[in-house]
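Asks: This is the structure I have questions about; it appears just below.
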Amino acid sequence: MARPPKARESALAAYCELLRSDGERATTIDAVAARAGVSKGGVLYHFPSKEALAEAALEAFREACARDLVIMAEAPEGPSRHYVRTSWTSGSDLDTYYTAMVRLAQSSWQPAISALETVHSSWLDLIRSEVGDRHAAEAIMLVGEGLYHHSSMPGEWSRSTFARSLNQLLDQVDRLKAK
């Protein structure tokens with residue numbers, strides 16, 4: 001498969017960064033071009049509108065989710081432990097596009113809302129298939145969501161507190177799985 005042009009990649013990355021830092025209203029074509037270090041014409045060549053940027057981010061999100069679901073399903077430690085352990089990490093492609101979708105969902109963009117609902121349901125289905133108990137699966141997912149939230153917070157308190165507890169939280173996941 002051919003690699004997308006660098007200007008396209010830079011513009012899409014800049015768009016996602018702007019969504020994360022400044023929100024949907026700040027993601028003008030001019031702002032994306034400035035952040036990406038390309039001309040406005042360069043952005044418009046690849047993305048003729050903000051909607052086209054959002055659609056590209058949505059497609060990248062879906063691709064990252066599909067890869068993640070395969071990895072999660074095949075994880076030797078099982079989907080539950082994998083989900084919780086990887087919820088602590090940020091900075092991945094999935095994290096970048098997930099955050100972009102959250103920001104677009106906050107602006108009521110229905111495709112982002114639907115994509116987030118789909119991936120959350122898929123994650124929960126994998127966990128539930130391993131655990132067998134709906135409520136235990138939901139609790140495991142909420143542990144992961146809490147870790148994700150805290151990993152994205154500024155400051156050291158969350159990172160130092162929960163980083164020290166990750167192994168114990170994974171032990172708690174094992175107890176929930178055994179119920």
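Asks: Checking the a/c ratio against 1.5 first, then a/b against b/c, what shape does the Cα gyration tensor give for segment 104-179? Please list the in-between numbers first.
Replies: Working: a/c = 3.83, a/b = 1.11, b/c = 3.44.
It is oblate, given that a/c is not under 1.5 and a/b is not larger than b/c.
Asks: Once you keep just the Cα pairs under 8 angstrom separated by 6 or more residues, what percentage relative contact order results for the chain? Each step should come with its number before you reach the end.
Replies: Details: 177 pairs, mean separation 38.6, N = 179.
The normalised contact order for the chain reaches 22 percent.
Asks: If I take R0 = 35 Å and measure r between the Cβ atoms of ASP125 and ARG159 in this structure, what FRET efficiency does the formula 1/(1 + (r/R0)^6) give, to the nearest 0.05?
Replies: Details: r = 30 Å, r/R0 = 0.86.
Plugging the Cβ-Cβ distance into 1/(1 + (r/R0)^6) gives 0.70.
Asks: Please give the contour-minus-distance gain from ALA34 to ARG20: 0.36 nm per residue of separation, less the Cα-Cα distance, rounded to one decimal in nm.
Replies: Working: separation 14, 0.36 × 14 = 5.04 nm, distance 1.59 nm.
Full-extension gain reported as 3.5 nm.
Asks: Going by how many other beta carbons lie within 10 Å of each one, how would you line up TYR83, TYR97, fewest first? Mind dumping the intermediate values first?
Replies: Values: TYR83 27, TYR97 23.
With the fewest neighbours first, TYR83, TYR97 line up as TYR97, TYR83.
Asks: Taking K and R as +1 and D and E as -1, what net charge do the other residues with C-beta under 13 Å from the C-beta of TRP88 add up to?
Replies: Working: positive: ARG81, ARG85, ARG159, ARG164; negative: ASP95, GLU145.
Local net charge: +2.
Asks: Ranked by Cβ crowding within 10 angstrom, fewest neighbours first, how are VAL173, VAL70, VAL102 ordered? Don't skip to the end; give the middle numbers.
Replies: Numbers: VAL173 25, VAL70 10, VAL102 14.
Fewest to most other Cβ atoms nearby, the residues stand as VAL70, VAL102, VAL173.
Asks: Separation between the TYR45 and ARG175 pseudo-spin-labels, each 7 Å from Cα along Cα→Cβ, expressed in nm?
Replies: That separation, rounded to one decimal, is 5.9 nm.
Asks: Dipole magnitude of the chain about its Cα centre, charges +1 at Lys/Arg Cβ and -1 at Asp/Glu Cβ only, in debye to the nearest 20? Walk me through the numbers on the way to the answer.
Replies: Values: 20 positive and 23 negative charges, 53 e Å.
In debye, rounded to 20, the chain gives about 260.
Asks: Spin-label point model (7 Å from Cα, Cβ direction): what's the LYS6 to ALA73 distance in nm?
Replies: In this crude spin-label approximation the distance works out to 3.7 nm.
Asks: Which angle between 0 and 90 degrees, to the nearest 10, do you get for helix 134-151 versus the longest principal axis of the chain when only C-alpha atoms count?
Replies: Helix 134-151 and the main axis of the chain meet at about 50 degrees.
Asks: Can you classify segment 54-178 as rounded, prolate or oblate using the Cα gyration tensor, where a ≥ b ≥ c are the square roots of its eigenvalues, rounded means a/c under 1.5, and otherwise it's prolate if a/b beats b/c and oblate if not?
Replies: Numbers: a/c = 1.94, a/b = 1.30, b/c = 1.50.
Oblate.
Asks: So how tilted is helix 50-74 from the main axis of the chain? Cα-based, degrees 0 to 90, rounded to 10.
Replies: Rounded to the nearest ten degrees, it is 30.
Asks: Going by how many other beta carbons lie within 10 Å of each one, how would you line up ILE71, ILE140, fewest first?
Replies: Lowest count first: ILE71, ILE140.
Asks: Build a GNM of the chain with springs between Cα atoms under 10 Å: which of ALA75, ALA54, ALA100 gets the top mean-square fluctuation?
Replies: Greatest mean-square fluctuation among the candidates belongs to ALA75.
Asks: Cα to Cα, under 12 Å, and not fewer than 8 places away if on the same chain: which aspartates and glutamates meet these conditions relative to LYS40?
Replies: Leaving aside aspartates and glutamates fewer than 8 places away in the same chain, those within reach of LYS40 are ASP30.
Quick note: the coordinates plus some simple rules give every number you see, no bench work behind them. As the structure is a prediction and not an experimental result, all values here were calculated from the model. Cβ coordinates were reconstructed from backbone atoms using ideal geometry, including for glycine residues, and neighbour counts include every protein chain displayed.
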